[in-house]
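One structure below.
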Amino acid sequence: MSKRFQRGIIIILSLLFLLTAVVLALFNINSNIVFFLTPSEILEKKITYVDKIRVGGIVKINSYQNNKDDIENIFVIKDNLNEIKVYYEGLLPDLFKEGSGVVAEGELQDNTLYAKRVFAKHDENYMPSSIADELKKSGYWNNQY
């Protein structure tokens, strides 16, 4: 075999190997990625029962209720148009509050989410109070924070 033919075979085998690696990576990423849906998207798609789903939105003002030593939590997640009731047993994240962003993951049954996990979201201007206090003391504080 000539050197030119050997180089061609190596290039073709390398490309096949690379293509196989990319395809395997994409299939793996696709099976593990989980997006969240808004209440409107769930109602538009007429989803009534799902084993694992993430619902994201804003916690409706005056909708949060808790009982049994703050372990049983009930609240409503809303977007601009629709809302979904959420039941969650467990401690909520520190950033959880009415009017803030939240993503709840769990089982959807008849437009009610029985959450297993709740993630509180903060806006892009989030700053821990200790750092904000230091900035105020140093005089570096401006209206952005």
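Rule-based calculations on the coordinates, nothing more; no lab input. Remember, predicted model here, so these are calculated numbers, not experimental data. Using ideal geometry, Cβ is built from the backbone for each residue, glycine included, and neighbour counts are taken over all protein chains shown.
Descriptive notes on the structure:
- Residues of type lysines that K97 reaches as a straight line, Cα spacing below 29 Å, ignoring anything fewer than 8 places off in the same chain: K45, K46, K52, K60, K68, K78, K85, K116, K121, K136, K137
- For region 35-48, the Karplus equation 6.51 cos²θ - 1.76 cosθ + 1.60, evaluated at θ = phi - 60°, returns couplings of 9, 9, 10, 8, x, 5, 5, 5, 6, 5, 7, 6, 7, 10 Hz by residue, with Gly and Pro reported as x.
- Spherically averaged projected area of region 1-82 from its Cα convex hull (nm²): 10.5
- Within region 88-104: backbone nitrogen closer than 18 Å to the S130 label point (7 Å, Cα to C-beta): 94-95
- Neighbourhood net charge (15 Å Cβ-Cβ; Lys/Arg +1, Asp/Glu -1) for K45: -2
- Highest-first arrangement of 82-88, 43-49, where packing means the average Cβ count within 10 Å: 82-88, 43-49
- Under a 5 Å amide H cut-off, with hydrogens placed 1.01 Å from N, F119 pairs with V103, A104, E105 among residues at least 5 apart or on other chains.
- Amide N proximity, region 68-110 versus K45 label position 7 Å along Cα-to-Cβ, cut-off under 19 Å: 77-86, 102-110
- Taken one residue at a time, the phi angles of region 61-71 give Karplus couplings (6.51, -1.76, 1.60, θ = phi - 60°) of 5, 6, 10, 7, 10, 9, 8, 6, 6, 6, 9 Hz. Gly and Pro are set to x.
- Taking amide H as placed 1.01 Å from N in the peptide plane, L37 has its amide H under 5 Å from the amide H of R54, V55, G56, each at least 5 places away in sequence or on another chain.
- The angle separating the long axis of helix 3-32 from the principal Cα axis of greatest extent in the chain is about 20 degrees.
- Karplus 3J(HN,Hα) series, Hz, for region 84-91 with 6.51 cos²θ - 1.76 cosθ + 1.60 (x for Gly, Pro): 9, 7, 10, 10, 9, 10, x, 7
- Computed FRET value (nearest 0.05) for A21 with N67, which takes r as the C-beta separation and R₀ as 41 Å: 0.20
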